[in-house]
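One structure below.
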């Protein structure tokens, strides 16, 4: 007799959903639908109203469309925002509990962001002298300026910071592949030969590549993108077709090596922050978004000087003298705001990813 799975188990499914077929083997898609407690009592006894509802009689199942799955922290400390996790809807759980949800966030990179030093810029100064001359004799009471050396440097009052306000993506995500998630709702064998349909995927704690022959002998194939003959695995081909490659003679299984699994975002009403295709089997590269909690800010270590050729050094009142280098000395002159410049941010890490552990994925090759 096939191995039974506990009620409430959630697994990814590699093919397009055929709900009648799934339901006949005791599975439902994880699309957040509302169920009747009396009709689905076994599932209610396992998940209750963690995902919403009042239990008299309605309750909700998980909605994994467009979402990644993260193991409940249970106080371990790997999720720094566990206590701020939200409810999926009214009546659902919050905090460090199975069923709570979390929006994306962008943490500081382990490889620190840095900016380049190509921020050279200048500030124009109204009435800055461009030349000098000698004061003539018998001129007095004119306000002039001492003009030694004909060059000077502005003061070091250039400390400043930059807040990052543009760039980035609409969400932070790891590289991933779209699949449906399904949940076991009953322990009854509706159709014993389809207790777990071909195309269902489970995690495998062993080495699926090195144990390939044993897995194949027991009705499983490693999710390494390999091609197989349609005639040899007709039930699996019927369920996943050529989504992952192949033709009418050969077909490929999913290649999940190095990827996270994300729920297909079909027909969801909550598309905020979700990008990309909604087709099963579609892959997405990773993205790094601007942070939601607060903008990144650069350090304020921006002290710098500006060379100011021929800047007057001091002023004095001309007297009966001759031979002084002088300059017009208008008061209250300041630099304008024509100092716009940019800094390109370098650094960061090789990918965006959540905390994770390596397991292999394997796919069921038949309905028995």
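Rule-based calculations on the coordinates, nothing more; no lab input. As the structure is a computational prediction, the values presented were derived from the model and not from experiment. Positions of Cβ are generated from backbone atoms using ideal geometry, with glycine treated the same way; all protein chains shown enter the neighbour counts.
The simple Förster model, with R0 at 35 Å and r as the Cβ-Cβ distance, assigns residue 242 and residue 74 a FRET efficiency of 0.30. Note on residue 9 and residue 114: the extension gain reaches 33.4 nm, defined as 0.36 nm multiplied by sequence separation minus the Cα-Cα distance.
Ranked by the mean number of other Cβ atoms within 10 Å of their residues, highest first, the peptides 48-58, 75-85 fall in the order 48-58, 75-85. What is the ratio of the Cα radius of gyration of segment 1-82 to 2.2 N^0.38 Å, where N is its residue count, to two decimals? With N residues counted in segment 1-82, Rg over 2.2 N^0.38 Å equals 1.24.
Protection proxy ranking for 252-263, 161-172, using the average of other Cβ atoms within 10 Å per residue and placing the highest first: 252-263, 161-172.
Packing-based ranking of 290-301, 196-207 yields 196-207, 290-301, ordered from highest to lowest mean Cβ neighbour count within 10 Å. Fully extending the segment from residue 18 to residue 94, taken as 0.36 nm per residue of separation minus the present Cα-Cα distance, adds 24.1 nm.
Once the Cα-Cα distance is subtracted from the 0.36 nm per residue extended length, the residue 105 to residue 283 segment shows a gain of 62.0 nm. Each residue, residue 212 and residue 351, gets one label point 7 Å from its Cα in the Cβ direction; the gap between the two is 2.2 nm.
Across all C-alpha atoms in segment 198-255, the radius of gyration and Dmax reach 11.0, 33 Å.
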